[in-house]
Structure formats: structure tokens, C-alpha cells
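Have a look at the structure below, then the notes.
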Amino acid sequence: MYNVVIIGSGCAGLTAAIYAARANLNPLVIDGHEPGGQLSLTTHVENFPGFPDGILGPELIEKMRQQAQRFGAEFKAGAVNEVDLRQRPFRINAGKDKYETQALIVAAGASARLLGLKGERELIGHGVSTCATCDGYFFREKPIAVVGGGDSAMEESNFLSRYASKVHLIHRRNEFRASKIMIDRVRKNEKVEFLTPFVVEEILAPKGLVEGVRVRNTETKEEREIPADGVFVAIGHNPNTTVFKGKLEMDANGYLVAKHGSLTSVPGVFVAGDVQDHRYRQAVTAAGSGCMAAMDAEKFLEEHKH
Ligand code: NAP
């Protein structure tokens, strides 16, 4: 029986673990299918306060993990496949392992959708990115490509045009899912060139660093190579919330709904990080919300002492 179980070991989960451990709650962190979360898939992080020279994503996450362990947080590998939140203690299954806990913090994150191209995942941090805010700065005066046709692709194209010498916005259809106002804003941006209806066939990185993309027109079948030092994949995110369907309140896109900080529709269950945030999605905001969830869980346990 645990006081607090934390699902997810990204920035939000680990910060919650540090706070819960320092509150003597002996939390258990269940790693999840992507231990370390999205930071573990990136290279340089230059916007996390406290590291004036930047830090590598995996190193930052490892330091957070060590910090949580130092105060007594326990870690278990595995991904949660079932939860019973009908009564306390809550029951959690991760494969063959079963846990019971008085409070639960869900910090399961959201996974950026990828195109599914060969080498794409391995090139994250070497030219492929799923976060313009995080990585735009690395592409000053360089040509880049943005893939997608939703609001994220529009917003990122505009944002990236501040740095890049040229932005190629590649979308698979001639129509856009993005709102008209966002499309209009990008159309007025002289640095952005629209390429539709084009799909990316290959990310070109002969030396291990992205140099461009090969694209194909879905109507004419014409193929082209576009020079780009960065490829920003902006085709949406999937929150990791399947096991909570029907158990915790979600929005239309499957993100968990947080109220008054980290509270969910079930008392004793708290939420932190990208699993409840499709707006900011930053390491520092995830860390902040992990702190909030741990403090809310601590307060809840104090109020529900037997
Ligand atoms: P989205 O609206 O789901 O759009 C995803 C885009 O990626 C679509 O254009 C889709 O093409 C394309 N796509 C999906 N899978 C693809 C694949 N395998 N290959 C190529 N293209 C693919 O996602 P989003 O843009 O991240 O937005 C998510 C939510 O956040 C939306 O509700 C959006 O309005 C909101 N948002 C709002 C703002 C803002 O208002 N400032 C900013 C960002 C996001 P198809 O259209 O052909 O399916």
C-alpha cells in the first residue's frame, strides 16, 4: 500500500516525486512506456532555468530522477494497463504488478505524433523536432521545414520564421485544418512557402544531421528535394490517457481535465504535465504542475487521515 503512486517519469512525474518524497510520502513512480518522457528524446535544452549553458535532455531527466531517489522515491519499470478508481485505495495494474495507493498522480504525458519515416525518431535532436518553442533557436538563418496543416503547424511556422532563413510548410492536402485567421497570418508571412498537397517521403540526413526532405506531390506525383536543416513535425499529440477512459474527465481530444490546479473528477487523483496540457507543453511548466500535484496530494492525504 502506497501513500502516493505517480504514473509517468517525465518532468512532471519526477518533480511530483521530489516533492512527495520530501514530504515523507515514500512515493512510487511507475516509469511508463517512455521512461523520462519527451525530454529523454531531445538533445540540448536551453530554456530550463538554472542551466545558463544549457543541458542535454536525458541528463536533465537523469538528475531529476536522482534527486527524487535521494529523498526516497521508489521506481518501477512498466506501463500501467488498468486502474480502478472507484474507491480508495485505488488499484493499479502494470503488467503482472499490482499496486494499491491512497492518492494517485497521473503524469503520463502526451506523445508527439511522428510521420513514421525511417530514421525519424533517431534524428530527434539532430534536426528533427516536435517542439518549435524548444528548438527554433538552433536554426537561426537556416532553412527549415514544418509538416502539418493544423493550428500547431501554422503557429510554429510563424514562430520559426523569426529565426529561419526560410520556412517550407508541407501539408498533405490543399485544405487546412487550421483556423482561417491562423492560415491568413502565415500566408502574409513572406518567409513561409506553402507546399501542398505534398507528403514527406524521406528525411535526408546522410551524415546523421538533417539536410533536407524529399517530398512528393500527391496529385502530380512530382518529387522534389527541399533543403532544410530542421524538420518540425507538427501533426498533433496523443495524450497517454487510454486507461483512464470513462474513469477521469477528459476533453474532446482525450486530455485529462484539471481543475483548481491539479484536481480531477475523482478526489484523491491528481494530474500533472502534458497529459492535461496541450497549450504550453514545456519542461518547466510540466515541472511546475508536478509540484502542484504533489502538494495537492499531500494536502488531500492530510485531510483524509484515518
Ligand atoms: P490537429 O489539429 O490534429 O492537426 C494535425 C494536422 O497534421 C492536420 O492538418 C493533419 O492533416 C496533419 N497530419 C496528421 N497526421 C499526419 C500524417 N501522418 N502525415 C501528414 N500530416 C498529418 O493538431 P494540432 O495542429 O496540433 O492542433 C491540436 C489542437 O490544438 C487543435 O484543437 C488546435 O486548434 C489547437 N491549437 C490551437 C492553437 C491556437 O489557437 N493558437 C495553436 C496550436 C494548437 P489532415 O488535416 O489532412 O488530417
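You will find that of Val29, Val80, Val4, the residue that is more than 26 Å from Lys305 (Cβ to Cβ), of a type in the set (Val, Ile, Thr) and at pLDDT 95 or above is Val80 and no other.
Scan segment 26-36 and tell me whether some residue there is more than 20 Å from Thr242 (Cα to Cα), under 15 Å from the mean Cα position of the chain (by Cα) and in contact (Cβ under 8 Å) with a residue 24 or more places away in the chain. For segment 26-36, residues more than 20 Å from Thr242 (Cα to Cα), under 15 Å from the mean Cα position of the chain (by Cα) and in contact (Cβ under 8 Å) with a residue 24 or more places away in the chain: absent. Residues that are open to solvent by 40 Å² or more (accessible area, probe 1.4 Å), part of a loop (DSSP other than H, G, I, E, B) and modelled with pLDDT of 95 or more are absent from segment 145-152. Residues of segment 104-158 that are at positive phi and within 14 Å of the ligand (Cβ to nearest atom): Gly116, Gly148.
Would you call Gly136 assigned to a helix (DSSP H, G or I) and either in the same structural domain as Asp274 (by TED's automatic domain parsing) or of a type outside the set (Phe, Trp, Tyr) (or both)? For Gly136, the condition - assigned to a helix (DSSP H, G or I) and either in the same structural domain as Asp274 (by TED's automatic domain parsing) or of a type outside the set (Phe, Trp, Tyr) (or both) - is met. Answer yes if at least one residue in segment 161-168 is part of a loop (DSSP other than H, G, I, E, B), without any contact (Cβ under 8 Å) to a residue 60 or more places away in the chain and under 30 Å from Val106 (Cα atoms), and no otherwise. Among the residues of segment 161-168, not one is part of a loop (DSSP other than H, G, I, E, B), without any contact (Cβ under 8 Å) to a residue 60 or more places away in the chain and under 30 Å from Val106 (Cα atoms), which makes the answer no. Evaluation of Gly72 against the conditions (1) surrounded by 17 or more Cβ atoms within 10 Å (Cβ to Cβ); (2) more than 24 Å from the chain's Cα centre (by Cα) shows that the sole unmet condition is (1). Considering the conditions (1) outside any strand (DSSP E or B); (2) of a type in the set (Ser, Thr, Tyr); (3) more than 24 Å from Thr285 (Cα to Cα), Thr101 is excluded by exactly one of them, (1).
Scanning for something part of a strand (DSSP E or B) and either outside the structural domain of Leu41 (by TED's automatic domain parsing) or free of Cβ contacts under 8 Å to residues at least 24 places away in the same chain (or both), does segment 246-253 turn up at least one residue? Scanning segment 246-253, I find at least one residue that is part of a strand (DSSP E or B) and either outside the structural domain of Leu41 (by TED's automatic domain parsing) or free of Cβ contacts under 8 Å to residues at least 24 places away in the same chain (or both), so the answer is yes. Open to solvent by 80 Å² or more (accessible area, probe 1.4 Å) and not small (Gly, Ala, Ser): does that describe Glu222? So Glu222 does not fit the description; no.
Of the residues examined, Asn217 is not one that is within 26 Å of the chain's Cα centre (by Cα), of a type in the set (S, T, N, Q) and modelled with pLDDT of 95 or more. Restricting segment 169-183 to residues that are in a loop (DSSP other than H, G, I, E, B) and near the ligand (Cβ under 9 Å from one of its atoms), the residue that is most open to solvent (accessible area, probe 1.4 Å) is Arg177. Ala293 meets the conditions (1) closer than 27 Å to Val167 by Cα; (2) within 25 Å of the chain's Cα centre (by Cα) in every case but one. The failed one is (1).
Glu225 - would you say it is of a type outside the set (Gly, Ala, Ser) and outside any strand (DSSP E or B)? Considered against the rule, which asks whether it is of a type outside the set (Gly, Ala, Ser) and outside any strand (DSSP E or B), Glu225 comes out as no.
The values are calculated or read from the model by the stated rules, or taken from the named source; none is laboratory data. All of these numbers come straight from a predicted model, not from anything done at the bench. Glycine gets a Cβ as well: all are built from the backbone with ideal geometry, and neighbour counts include every protein chain shown. These area figures cover heavy atoms from the full protein model, side chains too; ligands, DNA and RNA do not enter into them. Shrake-Rupley method; radii C 1.70, N 1.55, O 1.52, S 1.80 Å.
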